[in-house]
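The values are calculated or read from the model by the stated rules, or taken from the named source; none is laboratory data. Just so it is clear, the structure is predicted and the values come from calculations on it, not from any experiment. Here the Cβ positions follow ideal geometry from the backbone for every residue, glycine too, while neighbour counts run over all protein chains shown.
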Amino acid sequence: MDNFESAKKSFLEGLSFLENENFEEAELKFLESLRLLPERVSTLTNLAATQIKLKKYSEAKTYSEKAVELDANNSEAFLNLGFIEKEVGNLESALTFFNKALTLDLTNALAFLNKGAAFHELKRYEEALGSYKKAIELKPDYHEAWSNQGVTLNELKRYEEALGSYKKAIELKLDYHEAWSNQGVTLNELKRYEEALGSYKKAIELKPDYHEAWSNQGVTLNELKRHEEAIGSYERAIQLKPDYAIALWNLALNQLLMGDFKNGWDNFESRWYKKNSESYRHKDIPALKDLKNIATKTILVWSEQGYGDTIQFCRFITNLASLGASIILEVQPPLKSLMETSFSFCQVVSEGGKLINADFQVPLLSLPLLFGTTIDTIPNQIPYLKNLKSKSIYWGEKLEGNKKKLNIGVAFSGNENHQNDHNRSMNLALLRPLLRMGNLCLIQKNIKPIDRIFLNSNREISFLGDSIHSFADSGAIVEKMDIIVSVDTSLAHLSGALGIPTYVLLPWNPDWRWLLDRKDSPWYPTVKTLRQPSSGDWESVVIELISEINNAVNESI
């Protein structure tokens, strides 16, 4: 058999292995064929496609570029290059290659599919839908395009349309496990939790090692407060894919919620590796790995996540300094003056400032892990924050109020962009009963239109947001209040850190920081938590709040 026939035989065997998803054998056969005929473009493109499946992106790129050198009009080679760029995160470059492939072949449905996926990752969702639509026009039975279209519709909160798209994908391919799992995600968004679990169950039956379905199932079990089952589902996902960051992250949140701080803090470190995670800053400075031999060392502690997180966890700065370290505390600019007043022994700087010289750096929320913090060892001596004297004087004069009534500071809603804001925030009108109990001062910056209407018709409520320029203002206002009533926002942490009597109003399934089914908070001795008895039931929470305030007033008389 001559070289051509031998190469052809190996090539055809490679195609068969590739079709049956035996990628290792396919790669060997294509390489064997290529040794005999090194400039055969079809072999180069199929070898690259196989190596992409094996995640050998560098090798795949080399063979794809060789194919382009030999045939500049080969759309498959450009498609491979686009897919490689997409997988390594070079999305704009990927789009360039996909467009080149489509210039050469406008009937390439796979190119439109991958172009849509790149647009989706860039959050250019309408353009993603346009690409999926074109793929489906070219190939109406393209189950992957129908399912991907559903994922993008889900991101746009067009949930019913997303379900229709998944349904079509499943009709076309009944054993399409990705579509079953994606359908579960959308059903979860619609709070149709039992149906979501049914979809995940089907996905797992079809592919028992489908780590994403196990992880998604954990999310829905968490929503149902079936936390032990959720933990089991996340753990199964991690067994299948040990580096699956989102499952590790969600596992950590459930462990911390249930008070398992030992395992929770360990798994909480996965936050840096999950998709769309916050950037890990100051990588040029060595990371603080333990608390040994840090006396005389300079440690940069930098804030992360939200304002409430900085307020809650800055308490560990005092513990760190007690070990003899010099501390540079980097915080969000609105917190800088409050932190300077509270931690005068530190150098406090704002995020985004000049380069910092330090021996070590550590993210603020990694300190509980370094200290081996348990529920019983949380440093909760309050107040651990101090207000700026000039601000206290200013707000003391501004908030004279009616001394015969309680001064009640209120935060009823948070940042609308927070992923859980729809659960944690409430409408101002629900707090109407407080008007009979005291002077209401709204200590928050933003008011939604529906709440603005209520505020305009109840002029006795003081909205202080326009006069709040930083947390130095917020802290001084909190200090002048008799009590604070807050949903799960930074104000709850601020008032707790200042030692003000505080009622935190929590959704049925709370954030891990408030633990599960407790009336108190081990983080803040002056905080009481009032929790929804069922999902969305703020009315019952307000009834309990009024009763708690009345009891507190009667006890103080």
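Does P522 meet the test of being surrounded by fewer than 15 Cβ atoms within 10 Å (Cβ to Cβ) and assigned to a loop (DSSP other than H, G, I, E, B)? So P522 does not fit the description; no.
Residue-wise test of (1) outside the structural domain of L505 (by TED's automatic domain parsing); (2) at pLDDT below 90.
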residue: L367; (1), (2): yes, no
residue: P383; (1), (2): yes, no
residue: I408; (1), (2): no, no
residue: G414; (1), (2): no, yes
residue: H422; (1), (2): no, yes
residue: L442; (1), (2): no, no
residue: L455; (1), (2): no, no
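Taking the residues in the stretch 294-303 that are surrounded by 17 or more Cβ atoms within 10 Å (Cβ to Cβ) and of a type in the set (A, V, I, L, M) as candidates, determine which candidate is farthest from W514 (Cα to Cα). That would be I294.
Examine the stretch 546-555 for a residue that is touching a residue at least 40 places away in the same chain (Cβ under 8 Å), buried (at least 16 other Cβ atoms within 10 Å of the Cβ) and out of contact with any Phe, Trp or Tyr (no Cβ under 9 Å at 6 or more places or on another chain), and state whether such a residue exists. Within the stretch 546-555 (the criterion being touching a residue at least 40 places away in the same chain (Cβ under 8 Å), buried (at least 16 other Cβ atoms within 10 Å of the Cβ) and out of contact with any Phe, Trp or Tyr (no Cβ under 9 Å at 6 or more places or on another chain)), the answer is no, since none of the residues qualifies. Among the residues of the stretch 255-293, just one is buried (at least 16 other Cβ atoms within 10 Å of the Cβ), in contact with a Phe, Trp or Tyr (Cβ under 7 Å, 6 or more places away or on another chain) and farther than 19 Å from L367 by Cβ, namely L257. Taken together, the residues in the stretch 479-488 that are among the polar types (S, T, N, Q) and either surrounded by fewer than 24 Cβ atoms within 10 Å (Cβ to Cβ) or in contact with an Asp or Glu (Cβ under 8 Å, 6 or more places away or on another chain) (or both) amount to 0. Taken over the stretch 301-325, the criterion of being within 17 Å of R281 (Cβ to Cβ) and polar (S, T, N, Q) is satisfied by S303, Q305, T310. Note on the stretch 429-449: residues that are part of a helix (DSSP H, G or I) and without any contact (Cβ under 8 Å) to a residue 40 or more places away in the chain total 5. Can you find a residue that is part of a helix (DSSP H, G or I) and closer than 28 Å to D141 by Cα anywhere in the stretch 65-76? Scanning the stretch 65-76, I find at least one residue that is part of a helix (DSSP H, G or I) and closer than 28 Å to D141 by Cα, so the answer is yes.
Scanning the stretch 432-447 for residues that are surrounded by 14 or more Cβ atoms within 10 Å (Cβ to Cβ) and under 30 Å from the mean Cα position of the chain (by Cα) turns up L442, I443, Q444, K445, I447.
Being assigned to a strand (DSSP E or B), within 26 Å of the chain's Cα centre (by Cα) and either closer than 16 Å to L545 by Cβ or in the same structural domain as L335 (by TED's automatic domain parsing) (or both) is the requirement here; does S486 meet it? For S486, the condition - assigned to a strand (DSSP E or B), within 26 Å of the chain's Cα centre (by Cα) and either closer than 16 Å to L545 by Cβ or in the same structural domain as L335 (by TED's automatic domain parsing) (or both) - is met.
Residues that are within 26 Å of the chain's Cα centre (by Cα) and farther than 21 Å from P379 by Cα were ranked within the stretch 304-348; the one that is surrounded by the fewest Cβ atoms within 10 Å (Cβ to Cβ) is P333.
Return a yes/no flag: does the stretch 521-535 have any residue that is at pLDDT below 95, under 21 Å from Y193 (Cβ atoms) and under 23 Å from the mean Cα position of the chain (by Cα). So far as the stretch 521-535 goes, yes, one or more of its residues are at pLDDT below 95, under 21 Å from Y193 (Cβ atoms) and under 23 Å from the mean Cα position of the chain (by Cα).
Quick one: would you say L106 is assigned to a loop (DSSP other than H, G, I, E, B), of a type in the set (A, V, I, L, M) and out of contact with any Gly (no Cβ under 8 Å at 6 or more places or on another chain)? So L106 fits the description; yes. Just to be sure before I move on: is W180 among the hydrophobic types (A, V, I, L, M, F, W, C), assigned by TED's automatic domain parsing to the domain that holds P208 and closer than 29 Å to T45 by Cα in the structure I sent? Against the criterion (among the hydrophobic types (A, V, I, L, M, F, W, C), assigned by TED's automatic domain parsing to the domain that holds P208 and closer than 29 Å to T45 by Cα), W180 does not qualify.
With a requirement of 1 or more residues that are within 20 Å of I484 (Cβ to Cβ) and among the charged types (D, E, K, R), the helices (runs of 4 or more DSSP H) lying completely within the stretch 331-415 that satisfy it span 389-398.
Condition check ((1) in contact with a Gly (Cβ under 8 Å, 6 or more places away or on another chain); (2) of a type outside the set (A, V, I, L, M)) across all residues:
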residue	(1), (2)
A118	yes, no
R124	no, yes
K133	no, yes
H143	no, yes
W146	no, yes
Q149	yes, yes
L153	no, no
K157	no, yes
Y166	yes, yes
